[in-house]
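This report concerns only the one structure given below.
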Amino acid sequence: MKFVRHFLFAVVAILTLATPAYAQGMLDFILPGTFKITKIDSVISALFGLVLIIAGLLSFFNLILGGLQWIVSGGEKEALKAAQGRLLHAVVGLIIVASSWAIMLLVQDFLGFTIISKPVPIPVPF
């Protein structure tokens, strides 16, 4: 009964304290009339780049989770071994992503294929 009372109080408080947002206007999105794929190599390069980005982010996320798992393990052998395994797999995943990127660039340079049509911009410090 106490939970229901607290829940109802929270709902009433949220509904009474919420204020409406007065927007200035509607956003107009311009949609293209037709979408045509003229070259299949642009689709392949976009998909390849997307797969590499997703794989790199997943490996980096697993690296962070492995570090947190190591911290939380509290000295237990099983948990520490699981954290070390996750860290090892994350590092191997990052190495695989970096090496596939390098192999793609080598194939593009040596064989003359255009896998990535635009060069990747390198961030420059201010």
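Nothing in this text is a laboratory measurement; each read-out follows from the coordinates by a stated rule. Keep in mind the model is a prediction, meaning the values are calculated, not measured. As a convention, Cβ positions derive from the backbone with ideal geometry for all residues, glycine included, and neighbour counts pool all protein chains shown.
Values for this structure:
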quantity	calculated
Full-extension gain in nm, Leu80 to Phe60, via 0.36 nm per residue minus C-alpha separation	5.3 nm
Estimated FRET transfer efficiency (Ile44, Leu88; beta-carbon r; R0 41 Å; 0.05)	0.80
Magnitude of the charge dipole, the stretch 38-113, Cβ model with Lys/Arg +1 and Asp/Glu -1, debye to 20	120 debye
Extension gain, Ile96 back to Phe7 (0.36 nm per residue minus Cα-Cα distance, nm)	27.1 nm
Cα-Cα pairs of the stretch 38-113 separated by more than 14 Å (percent)	68 percent
